[in-house]
1. Regarding region 1-15, can at least one residue be identified that is out of contact with any helix residue (DSSP H, G or I) (no Cβ under 6 Å at 6 or more places or on another chain) and at pLDDT 95 or above?
2. For region 53-67: of the residues being near the ligand (Cβ under 9 Å from one of its atoms) and free of Cβ contacts under 8 Å to residues at least 40 places away in the same chain, which is most open to solvent (accessible area, probe 1.4 Å)?
3. Residues of region 214-225 being surrounded by 22 or more Cβ atoms within 10 Å (Cβ to Cβ) and part of a helix (DSSP H, G or I), which ones?
4. Here is a check on your reading of the model: is Gln80 crowded, with 19+ Cβ neighbours inside 10 Å, within 16 Å of the ligand (Cβ to nearest atom), under 23 Å from Val323 (Cα atoms) and not hydrophobic (A, V, I, L, M, F, W, C)?
5. Hey, can you tell me all the residues within region 232-243 that are open to solvent by 80 Å² or more (accessible area, probe 1.4 Å) and of a type outside the set (A, V, I, L, M)?
6. Just need a number here: residues in region 320-360 that are within 17 Å of Glu289 (Cβ to Cβ), of a type in the set (Gly, Ala, Ser) and open to solvent by less than 30 Å² (accessible area, probe 1.4 Å).
7. Can you run down the residue pairs with Cβ atoms below 7 Å, 6 or more apart or on separate chains, where the first is in region 92-115 and within 11 Å of the ligand (Cβ to nearest atom) and open to solvent by 50 Å² or more (accessible area, probe 1.4 Å) and the partner is in a helix (DSSP H, G or I) and at pLDDT 95 or above?
8. Within region 132-175, how many residues turn out to be within 11 Å of the ligand (Cβ to nearest atom), part of a helix (DSSP H, G or I) and among the aromatic types (Phe, Trp, Tyr)?
Amino acid sequence: MSLGTTAVAPPRSGLSPRRRGLTATSPFLRAAAGDRPERVPVWFMRQAGRVLPEYRALRATTAMLDSCRNAEMVTEITLQPVRRFRPDAAIFFSDIVLPLAAVGVDVDIVAGVGPVVAHPIRARADLDVLRPLQPDDVQYVSTAVGMLIRELGETPLIGFAGAPFTLASYLIEGGPSRSHTRTKALMYSDPELWHDLLGRLAEITTGFLRVQVDAGADAVQLFDSWAGALNEEDYLRYVAPHSARVLAAFADDGVPRIHFGVNTGQLLGAMGAAGADVVGVDWRVPLDEAALRVGGDRAVQGNLDPATVFAPADVLAEKVRDVCRRGAAAPGHIFNFGHGVLPESDPGVLAHIVDLVHEF
Ligand code: CP3
């Protein structure tokens with residue numbers, strides 16, 4: 001593998017020649033556009049990571065965020081699952097809190113825990129650190145995307161970022177939370193501070209996605225992993241306008257926008273309406289039902305329960321086929337799990353799922 005060190009010149013406007021070709025031929029990009037390619041495209045959230053021994057070996061002595069700042073490591077880790085599973089898309093190796101760290105937030109990723117924020121947001125003065133992200137803050141991201149699209153050939157690259165609500169939850173709680181209590185308390189008690197915070201996060205997220213798209217990412221996924229903690233009314237009032245601003249910033253780039261959350265059965269319509277081309281669905285709502293809730297006019301992504309990898313082979317195969325059958329109810333379907341790959345999964349089973357989906 002040849003790994004250069006300089007970024008390719010970003011396409012400033014319109015579609016790059018590479019992307020124009022891929023848009024017509026790649027099953028992933030065709031399905032995202034609402035088409036029915038010759039095979040159902042498949043990739044896995046968290047396909048890079050602890051499930052792969054080669055990842056664990058490479059990461060052994062490097063902290064998570066440091067590995068995200070090393071373009072050679074990012075490139076290698078992004079490619080590892082592509083070599084193993086031959087999925088229909090690669091996802092850029094990084095983390096949703098990386099852009100927060102890049103603007104100066106004191107945040108680290110603690111193994112087995114997740115993001116931990118040293119000074120959680122409690123008052124207006126705590127927002128000062130949240131300045132807009134400049135491309136120079138994450139030069140290594142442009143470099144890695146440039147290296148990746150050269151290595152990936154016909155396999156599209158998905159760029160991603162955390163949505164404002166999910167980032168806000170980490171910043172306000174100080175770490176992972178089940179109930180998002182402090183987050184909701186701030187949202188209800190100080191809406192002005194809340195909207196200022198989410199507005200700043202929307203700007204940082206847009207900046208982080210902009211760097212990836214300008215360097216050549218073929219699609220973007222906005223992870224609002226914890227939005228499912230909200231009912232539709234609160235989601236629409238406190239969250240959707242900010243996520244919509246992020247998604248709208250990429251309306252003219254020709255890159256499909258995937259909008260994903262967990263436990264969001266009640267929000268699927270709203271998450272589509274926020275400006276997504278593809279709505280990500282967890283395993284709790286069957287895809288045909290999800291397609292109806294989304295409104296019948298956009299593609300869906302999902303939604304095998306990630307724990308199905310531990311089921312007997314015949315049960316697994318039937319569940320994979322069931323997801324494919326139900327996904328056919330939507331204008332386009334990208335196969336995925338309903339949430340990230342579980343670290344205890346057998347990589348051989350993941351490769352087998354790719355084959356099962358492609359045989360469907
Ligand atoms: O393969 C991929 O999907 C690309 C890489 C990716 C990572 N994080 C790498 C990672 C992506 C897309 C993310 C997004 C992310 N990060 C989300 C949204 C997706 C989701 O799961 O809902 C969230 C909520 C985070 C925050 C975060 N970062 C958590 C909860 C954790 C897990 C902590 C743990 O150890 O259990 C991380 C760390 C992280 N991000 C790892 C990886 C591969 C594990 C780091 C390690 O190897 O120890």
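1. no
2. Arg56
3. Ala215
4. Answer is no for this residue.
5. Hits for region 232-243 are Glu232, Glu233, Arg237.
6. 4
7. Asp108/Leu65
8. Count: 1.
The values are calculated or read from the model by the stated rules, or taken from the named source; none is laboratory data. None of these values were measured; they are calculated from a predicted model. Here Cβ is always computed from backbone atoms with ideal geometry, including for glycine, and neighbour counts include all displayed protein chains. What goes into the accessible areas is simple: the full protein's heavy atoms, side chains included, and nothing from ligands, DNA or RNA. Shrake-Rupley method; radii C 1.70, N 1.55, O 1.52, S 1.80 Å.
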